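Okay, structure first, notes after.
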Amino acid sequence: MFAHPTAVIDQGCKIGAGTKIWHFCHLMTGCEVGENCILGQNVMIGSKVVIGNGVKIQNNVSVYEGVVLEDEVFVGPSAVFTNVINPRSAIERKHEFKKTIVKKGATIGANATIVCGVIIGAYAFIGAGAVVTKNVPDYALVTGSPARQTGWMSEYGQKLLFNNENEAVCSETGEKYFLLKGMVKKKGPLII
């Protein structure tokens, strides 16, 4: 694990091997950061936040208590997470934190806002500046404010174009995907 001298890591944090923590980061007591993660400049990780392995969080992101980032999540610069649906300065609402889960391999674009209490599916792709107010399916591409689904993405971040048989091929890897009842699945090996 590497931590820049300007980073503040409170006692009681769990940090995995190979993780790099850059300038002016603050990790609060009780957070868990997995192995081989990269926390860019000025990242704040709140108490009780759980971050999986291989996660990359770019500059100027605050990950507040109640947020879970599973393995291989990418969070773009200045993305925003929330944890209370109706905050007021004069009213204490720590007992009302809503859980937000970002599933394996998902991407959160630069300046996107994730309103608390949602689940972002595995390998979903949140476009830059999007405002996510509801759950996002696995492999979905969402853009805009409020975010609306505008397509599907492969595990390698390539847009999937489905044919009449509801099949698509990743242009980067050749992996095949299928669309059934509004859900995308990657085709696995044939089992005989």
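The table below gives the values:
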item	result
Hits in the range 1-23 (condition: within 21 Å of residue 110 (Cα to Cα) and in contact with a His (Cβ under 8 Å, 6 or more places away or on another chain))	21, 22, 23
Which numbered condition residue 65 misses (of (1) in contact (Cβ under 8 Å) with a residue 24 or more places away in the chain; (2) closer than 15 Å to residue 122 by Cα)	(2)
Selection from the range 92-116 of residues that are out of contact with any Lys or Arg (no Cβ under 7 Å at 6 or more places or on another chain), part of a loop (DSSP other than H, G, I, E, B) and either surrounded by fewer than 21 Cβ atoms within 10 Å (Cβ to Cβ) or basic (Lys, Arg) (or both)	92, 93, 97, 98, 99, 103, 104, 109, 110, 111, 115
The range 158-192, residues that are farther than 14 Å from residue 121 by Cα and either in contact (Cβ under 8 Å) with a residue 60 or more places away in the chain or small (Gly, Ala, Ser) (or both)	168, 171, 174, 188
Any hit, the range 103-120, residues being among the basic types (Lys, Arg) and either closer than 23 Å to residue 184 by Cα or touching a residue at least 40 places away in the same chain (Cβ under 8 Å) (or both)	yes
Identity of the residue in the range 67-91, within 19 Å of residue 30 (Cβ to Cβ) and part of a loop (DSSP other than H, G, I, E, B), that ends up modelled with the highest pLDDT	70
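The values are calculated or read from the model by the stated rules, or taken from the named source; none is laboratory data. Every value quoted in this text rests on a predicted model; they were computed, and no experiment measured them. Positions of Cβ are generated from backbone atoms using ideal geometry, with glycine treated the same way; all protein chains shown enter the neighbour counts.
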